[in-house]
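Accompanying notes for the structure given below.
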Amino acid sequence: MKLVGFDALDRKLVKIRDAVSPQARERSLMAGAVIIQAEAQRLAPVLTGNLRDNIIISFDGGLNSSSVSQRRFFTAVYIGPSRGKGFYGHMVEFGTSHSAPHPFMRPALDNTRDEVKRAMGNSLWTDIKKAA
């Protein structure tokens with residue numbers, strides 16, 4: 001018995017592996033992140049609009065660049081209030097000793113979970129199909 005075609009299969013698998021590059025992972029994460037961001041902005045309590053307008057997407061995930069670059073197969077994304085003008089977002093989300101919580105980030109994730117999975121999967125699948 002002789003099996004043939006493994007060289008071609010191996011070449012295809014290498015192309016697929018390369019298709020899931022850091023850039024492809026970032027495109028996939030961005031496809032999901034913008035959905036969560038929009039829902040969080042919709043749900044954020046609005047007094048001045050400052051918190052709503054400062055819900056950001058960042059690929060450093062709050063990690064320093066050296067720790068991210070050491071993770072070859074890891075891509076982090078942060079979706080939430082900026083450290084600048086949105087610095088108080090965690091106090092709104094979880095409350096304080098003087099104010100009740102008004103969650104907006106966790107409900108944004110819960111409300112969009114299926115849509116986010118679809119968007120991320122479609123994005124990755126597009127990159128894989130291009131490579132195969």
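The values are calculated or read from the model by the stated rules, or taken from the named source; none is laboratory data. No experiment lies behind these values; they were computed from the predicted model shown. A quick note on method: Cβ atoms are made from the backbone with ideal geometry, for glycine too, and the neighbour counts reach across all protein chains shown.
One table, with the values for the structure above:
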{"item": "From Ala38, Ala119, Ala100, Ala44, residue being within 13 Å of the chain's Cα centre (by Cα), more than 23 Å from Asp18 (Cα to Cα) and at pLDDT 95 or above", "result": "Ala38"}
{"item": "Within the range 72-91, tally of residues that are surrounded by 15 or more Cβ atoms within 10 Å (Cβ to Cβ) and not hydrophobic (A, V, I, L, M, F, W, C)", "result": "7"}
{"item": "Residue list for the range 104-116, restricted to those being surrounded by 13 or more Cβ atoms within 10 Å (Cβ to Cβ) and either acidic (Asp, Glu) or over 19 Å from the mean Cα position of the chain (by Cα) (or both)", "result": "Glu115"}
{"item": "Residue list for the range 87-124, filter: among the small types (Gly, Ala, Ser) and part of a loop (DSSP other than H, G, I, E, B)", "result": "Gly95, Ser97, Ser99, Ala100"}
{"item": "Failed item in (1) modelled with pLDDT of 95 or more; (2) within 21 Å of Ala131 (Cβ to Cβ), with Arg113 passing the rest", "result": "(2)"}
{"item": "Residue within the range 31-40 that is charged (D, E, K, R), in contact (Cβ under 8 Å) with a residue 40 or more places away in the chain and under 14 Å from Asp110 (Cα atoms) present", "result": "yes"}
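Quick grid of which residues meet (1) polar (S, T, N, Q); (2) closer than 15 Å to Val77 by Cβ; (3) surrounded by 11 or more Cβ atoms within 10 Å (Cβ to Cβ):
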{"position": "Ala8", "(1), (2), (3)": "no, no, no"}
{"position": "Arg11", "(1), (2), (3)": "no, no, no"}
{"position": "Arg17", "(1), (2), (3)": "no, no, yes"}
{"position": "Arg27", "(1), (2), (3)": "no, yes, yes"}
{"position": "Met30", "(1), (2), (3)": "no, yes, yes"}
{"position": "Val34", "(1), (2), (3)": "no, yes, yes"}
{"position": "Ala40", "(1), (2), (3)": "no, yes, yes"}
{"position": "Leu43", "(1), (2), (3)": "no, no, yes"}
